[in-house]
1. Is there any pair linking a residue in segment 320-337 that is under 23 Å from N409 (Cβ atoms) to one that is part of a helix (DSSP H, G or I) and open to solvent by 10 Å² or more (accessible area, probe 1.4 Å), with Cβ under 8 Å and at least six apart or on different chains, and which?
2. Name the residues in segment 57-76 that are within 15 Å of L231 (Cα to Cα), of a type in the set (A, V, I, L, M) and open to solvent by 40 Å² or more (accessible area, probe 1.4 Å), would you?
3. Which of the residues that make up segment 35-51 are open to solvent by 30 Å² or more (accessible area, probe 1.4 Å) and over 11 Å from I299 (Cα atoms)?
4. Only residues that are open to solvent by 100 Å² or more (accessible area, probe 1.4 Å), part of a helix (DSSP H, G or I) and not acidic (D, E): list them for segment 1-28, please.
5. Could you list, in sequence order, all residues of segment 206-220 that are closer than 14 Å to T85 by Cβ and either of a type outside the set (A, V, I, L, M) or out of contact with any helix residue (DSSP H, G or I) (no Cβ under 7 Å at 6 or more places or on another chain) (or both)?
6. Does P127 satisfy the criteria of being free of Cβ contacts under 8 Å to residues at least 24 places away in the same chain and closer than 18 Å to F393 by Cβ?
7. Got a sec? Which of P335, P357, P349 is part of a strand (DSSP E or B) and not hydroxyl-bearing (S, T, Y)?
8. Based on this model, can you work out whether I389 counts as of a type in the set (V, I, T) and in contact with a helix residue (DSSP H, G or I) (Cβ under 7 Å, 6 or more places away or on another chain)?
Amino acid sequence: MTEREKEIRNQIFEKVKELYKIREVEERFIPGVTPIRYAGRVYDEKEMISLVDSALDFILTADRYAEEFELRFSEFFEVTHTILTNSGSSANLLALSALTSPKLEKPIKPGDEVITVACAFPTTVNPIIQSRLVPVFVDVELGTYNIDPSKIEPSISEKTRAIMLAHALGNPFELDAVIEIAKKYNLFVIEDVCDAVGSTYNGRLIGTFGDIGTLSFYPAHHITMGEGGALITNDTKLARIIRSFRDWGRDCWCKPGHDNTCGKRFKWKLGDLPYGYDHKYIYSHIGYNLKITDMQAAIGIEQLKKLPIFIKARKNNFNKLYEGLKKYHKYFILPKWSSKADPSWFGFPLTVREKAPFSRNEITSFLEEQKIATRVLFAGNVLRHPAYIDSSFEYRVHGSLENTNKILNNTFWIGVYPGLNEEEINYILDIFAKFFNKRALEIIEE
């Protein structure tokens, strides 16, 4: 880059700073008027400058920023490999697809079973179906909203090959139990960490316990690239297979713009192809194109620097809400977590008790009327949605889904994201108090 080019870039960056400062004027919070979102992007001029810097390079595929992000993200998680992709949903698809690779000694095959839960975001379940595997649905616990660990081993059959679970709303599932069972039965484990970046279990970051961890960088999540996702693993073979599925299914592992990394580009004999067929165009998997752009990764670099601050803010907001809402435990099942877990919360879940003198819809409607955003716990029970009722895919339910159906009917959550300040948290607590005072309901102070 010439000095003149550097000078022009710096001038552009200064203008970006100026533009951000104009937009930065903080909107005054007006109770009952200003919306309190459940989630949202939190950024400053640094993300904007990084994005513009990448755009000025005009390298529209993954390049230097993607490479840097993968390196820094691996350092954060203390793993060997990070593979960027275009969404957390794609990360889940790639993770399960990788386990079907013929390059593995014992790949998962059509008809094999994968243990999961119906109380999930659909794209934790969909890859199982899309890979022609059989999801085995196990019930969850109220309060943690994670799989009931006591029900995992009884759900295993001779066809079971993997466990694929999300850490619900940032709350780590019982990893000791899951990993112990997986080792006993030689099962793969995929940890969906899309809502839980920064959560730890036994002092160790979740996503690093199983064979593969998956992550999302959608604007609602802990850090954002707008769209985007990643997979993490310590298994070099799995990392290479994941990249293959992500990059059209090709056998070649050269980075974009590079040739002959293997040193024998025209010396391969694979499949039924002639000797010397160009390795860049040999396909070992039926793959996809699920790559990310460098502009997205450029945003992610600056977001990653803020991640420790974001995690701390989420925990603080959760703790403030917990302290303020625990007096209503007669009416709500409050969130629970393992003594070994330190969650980096995605949201604050509440389940209306069945004998409460109000319904979920009554409390959420009241909150929404006061401009406080609420969300249900994703699909609640994915099997009761039109897409799954009308589908002919094979699945198995172990036992009942009693708690899953209670969550479908009675659970909701509110935000704890870093964009919420103390004034907004206090307003949320005031509105809960208003709801209970209006109904003259008994409050139990501890």
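1. L321/L429; L325/L429; L334/Y322; L334/K326; P335/Y322
2. L71 - this is the single residue of segment 57-76 that is within 15 Å of L231 (Cα to Cα), of a type in the set (A, V, I, L, M) and open to solvent by 40 Å² or more (accessible area, probe 1.4 Å).
3. P35, R37, Y38, R41, V42
4. Hits for segment 1-28 are R4, K15, K21, I22, R23.
5. Restricting attention to segment 206-220, the residues satisfying the condition of being closer than 14 Å to T85 by Cβ are 212-218.
Within segment 206-220, G213, T214, S216, F217, Y218 meet the criteria.
6. Numbers: free of Cβ contacts under 8 Å to residues at least 24 places away in the same chain: no; closer than 18 Å to F393 by Cβ: yes.
No; evaluated as a whole, the condition is false for this residue.
7. Numbers: P335 fails: part of a strand (DSSP E or B); P357 fails: part of a strand (DSSP E or B).
Just a single option satisfies the conditions, and that option is P349.
8. Working: of a type in the set (V, I, T): yes; in contact with a helix residue (DSSP H, G or I) (Cβ under 7 Å, 6 or more places away or on another chain): no.
Against the criterion (of a type in the set (V, I, T) and in contact with a helix residue (DSSP H, G or I) (Cβ under 7 Å, 6 or more places away or on another chain)), I389 does not qualify.
The values are calculated or read from the model by the stated rules, or taken from the named source; none is laboratory data. Fair warning: this is a prediction, and the values are worked out from it, not measured in the lab. Note that each Cβ is placed from the backbone with ideal geometry, even for glycine, and that neighbours are counted across all protein chains shown. Accessible surface areas use protein heavy atoms only, side chains included; no ligands, DNA or RNA. Shrake-Rupley method; radii C 1.70, N 1.55, O 1.52, S 1.80 Å.
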